[in-house]
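Data block below; observations after.
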Amino acid sequence: MAVASLTRFTVPVASDQSATSQGLLMPKLGYRFRVMFENFGVTTPRTELTKQVVDFTRPEVSFDDITIDVYNSRIRMAGKHTWSDITVNIRDDALGSVARLIGEQMQKQYDFYEQSSAASGIDYKFTTRCEMLDGGNGADAAKVLETWEIYGCFIQTVNYNQVQYSSSDPMQISLTLRFDNALQKIDEGFIGEGIERTTGTNTTG
């Protein structure tokens, strides 16, 4: 009886008969994730970069607002979209593996010694992949619950942060990434894939 009561820890939904016995859905946990960088820097493998990630900001998108003035009112529509910058903090290891990879990527974007920039974006842009995991490890391989594939990335800012005698915290390198596009993938399918397009009428717009 006590176990049965746990199935009621959710909001009752009259239109969904399964909701009364379903219980609350398991949430994704913010600390179960990994971030991978493809075509980042020059040195391979790049797994040391993945293992040193401290935190990562998942993509955020916003749409411009279009206002169309009509007879007695206004119509609101969505305009072009803008992806917000992504921030990622990475531990700076004693061997310099992380700093070396970041330095290589910065050098791909702009050669500071020769004062020469890359000829085109394809020369330095990379792909970032953020995967939400189920907590598996070792013999129980981790299952990917969600993937954000972020395309056309480049480093906008690098902050090597402050050193101080009064702190015992490990050093971190903070990156701000700009990118061209991002796709969310769940259960081997991209969100929004295959949505049917229809043309509006004069009545509906």
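Assorted remarks:
- Estimated from the Cβ-Cβ distance and a Förster radius of 35 angstrom, the FRET efficiency linking Asp92 and Asn137 is about 0.90.
- Using alpha-carbon coordinates, inclination of helix 97-109 to the longest axis of the chain, degrees: 90
- P(r) weight above 24 Å for the range 26-190, C-alpha pairs, percent: 47
- Per-residue ellipticity at 222 nm computed for the chain from its helices equals -3000 deg cm²/dmol, with DSSP H segments shorter than 4 residues left out and the rest contributing -39,500 (n - 2.57).
- Applying both filters, DSSP loop and at most 15 other Cβ atoms within 10 Å, to the GluC sites (Glu not before Pro) of the range 23-65 gives Glu60.
- Longest segment of the chain lacking trypsin sites (Lys or Arg not before Pro) that sit in a DSSP loop with at most 15 other Cβ atoms within 10 Å: 33-142
- Computed over the chain: relative contact order in percent, which uses C-alpha pairs under 8 Å that are six or more apart: 19
- Nitroxide proxy distance, nm - points 7 Å out along Cα→Cβ at Asp69 and Thr44: 5.9
- Dipole size of the range 26-190 about its Cα centre, with +1 on Lys/Arg Cβ and -1 on Asp/Glu Cβ: approximately 180 debye, rounded to the nearest 20.
- Neighbours of Lys108 by Cβ distance under 10 Å: Lys/Arg scored +1, Asp/Glu scored -1, total -2.
- Dipole axis of the range 26-190 (+1 Lys, Arg; -1 Asp, Glu on Cβ), positive-most option in Ala118, Trp83, Ile66: Ile66
- The chymotrypsin sites (Phe, Trp or Tyr not before Pro) of the range 138-168 meeting both criteria, a DSSP state outside H, G, I, E and B (loop) and at most 12 other C-beta atoms within 10 angstrom of the site's C-beta, are Tyr160, Tyr165.
Every read-out reported here was derived from the displayed coordinates using simple, explicitly stated rules and does not represent laboratory data. In this text, all values refer to a predicted model and were calculated from it rather than measured experimentally. No Cβ is skipped: glycine too gets one built from the backbone with ideal geometry, and neighbour counts run over all protein chains shown.
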